[in-house]
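Written below as structure tokens is the structure these notes are about.
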Amino acid sequence: MIIEALDVPWVVLLSMDSFYKVLTEEQQILAARNEYNFDHPDSFDFELVVSTLKKLKQGKSVKIPTYDFTTHSRTKDWKTLYGANVIIFEGIMAFANAELLKLLDMKIFVETDSDIRLVRRLRRDISERGREIEGVLKQYHTFVKPAFDQHIQPTMRLVDIVVPRGSGNTVAIDLIVQHVHSQLEKAPPTCYSHNAVDSHD
């Protein structure tokens, strides 16, 4: 929604979903049983995230891995992204790494009710990723909810803006868009990050 509201050329969206680590054979077995914790900072390749974001901010093109959530692995297909006026980086662990935080010009925490997060996760994992409801609920209660309490919610103190009520908060989005436009007039490109809690993986 922020991208559409910005209405400027050369906006890039970079998602943390592309940067899950490659699993070992043992981890693959755990993932197939819904017993692997994808909701921990250690599940992400932050070294690759940081190097990728640095290159984008320098206006360079980058190769982004494509992650298959059905097989829990990276595919052979990598996509190319190019530097842009605005880089929007989103993900559940967007603020969980000190080096990454240094690269973010504005940090936005999108806060959504826990019931809504669960419903959205159920809908996504069942319809888009072919998961069974029992497995989704098991993973949610074992890993997702504890990860939010331990690793995500505490990062709210690190951000510049907390957006309550998620993407439906048009007033907050309008203010963010105004700020981005004002910054673009001064010193493009700029990198903004939001922790998309409402799409919590």
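Couple of notes before you dig in:
- Applying the condition of being of a type in the set (V, I, T) and modelled with pLDDT of 90 or more to the range 58-78 and asking which residue is surrounded by the fewest Cβ atoms within 10 Å (Cβ to Cβ) yields T75.
- Checked against (1) within 26 Å of D45 (Cα to Cα); (2) surrounded by 16 or more Cβ atoms within 10 Å (Cβ to Cβ), Q150 meets all criteria but (2).
- Scanning the range 78-99 for residues that are closer than 12 Å to V49 by Cβ and without any contact (Cβ under 8 Å) to a residue 60 or more places away in the chain gives A96, N97, E99.
- Residue list for the range 55-80, filter: within 16 Å of the chain's Cα centre (by Cα) and not β-branched (V, I, T): P65, Y67, D68, F69
- Among the residues of the range 28-51, those identified as surrounded by 14 or more Cβ atoms within 10 Å (Cβ to Cβ), modelled with pLDDT under 95 and not in a loop (DSSP other than H, G, I, E, B) are Q28, L30, A31.
The values are calculated or read from the model by the stated rules, or taken from the named source; none is laboratory data. Nothing here was measured: the structure is a model prediction, and the numbers come from that model. We place every Cβ from the backbone using ideal geometry, glycine too, and count neighbours over all the protein chains shown.
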